[in-house]
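What follows is one structure encoded as structure tokens, with my remarks underneath.
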Amino acid sequence: PFHKQELNAGKYRITISKPQYYDKIDSIEIKPNEELRLETELILKPGKLSFAKTQGIPVDIYIDGTYKGKSNGVVLEISEGTHDILLKNWFGEKQFSAQIKADETKNISVDEFVRNSAFSWWGVVGAVLVAVPIYFVGHK
């Protein structure tokens with residue numbers, strides 16, 4: 001809190017600021033022999049989730065169950081707190097929680113997810129492609 005300060009009568013432009021909050025700018029007028037009480041509410045800045053461009057296939061991003069877009073270099077504003085993140089593509093999905101702080105950016109890498117899910121998927125396809133010809137070669 002800011003308490004009493006002697007100011008001359010007149011018009012003033014004031015700025016109220018606090019880390020992690022948007023500044024509040026206002027104009028006030030103080031009349032002679034007047035005591036002025038000013039109350040305001042500061043708005044907390046959101047945090048950000050940054051998804052770097054993927055070298056492979058972009059993934060769908062879901063935050064707290066809501067679709068937010070593709071992971072190709074997108075930066076999303078998100079409220080402070082713990083959020084459920086779901087990364088999803090046609091190879092698979094990965095779910096995890098992220099702790100977000102006001103006015104900070106958390107970088108999320110999806111390349112590892114894309115590589116791991118692609119290798120898993122191609123491993124299954126490769127096994128099927130190898131197994132099918134062996135089955136037919138052995139049976140006439």
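Each value in this text was obtained by applying a stated rule to the coordinates, not by laboratory testing. Predicted model only: the values in this text are computed from it and were never measured. In this analysis, Cβ positions are derived from the backbone assuming ideal geometry, glycine residues included, and neighbour counts consider all displayed protein chains.
Could you tell me which of the pairs Lys24/Lys106; Lys53/Lys88; Lys45/Lys70; Lys18/Lys68; Lys45/Lys88; Lys18/Lys48 are separated by over 22 angstrom between their Cα atoms in the structure shown? Too far apart for the 22 Å limit: Lys24/Lys106; Lys45/Lys70; Lys18/Lys68; Lys45/Lys88.
Which of rounded, prolate, oblate describes segment 1-85, given a ≥ b ≥ c as roots of the alpha-carbon gyration tensor eigenvalues and a/c under 1.5 marking rounded, otherwise prolate only if a/b is larger than b/c? Judged from the Cα gyration tensor, segment 1-85 comes out prolate (a/c at least 1.5, a/b above b/c).
Between Glu104 and Lys18, the modelled labels are 1.8 nm apart [label points 7 Å from Cα along Cα→Cβ]. Charged neighbours of Leu87, selected by a Cβ distance under 12 Å, balance to -1 (K, R count +1; D, E count -1).
Shown here for segment 76-107: trypsin sites (Lys or Arg not before Pro) in loop regions (DSSP other than H, G, I, E, B) with at most 15 other Cβ atoms within 10 Å, namely Lys101. The distance between label points at Leu44 and Tyr67 comes to 2.9 nm (points 7 Å beyond Cα on the Cα→Cβ vector). Computed 3J(HN,Hα) for segment 31-43, one whole-Hz value per residue from the Karplus formula 6.51 cos²θ - 1.76 cosθ + 1.60 where θ = phi - 60°, is 8, x, 6, 9, 9, 10, 10, 10, 10, 8, 10, 8, 9, glycine and proline marked x.
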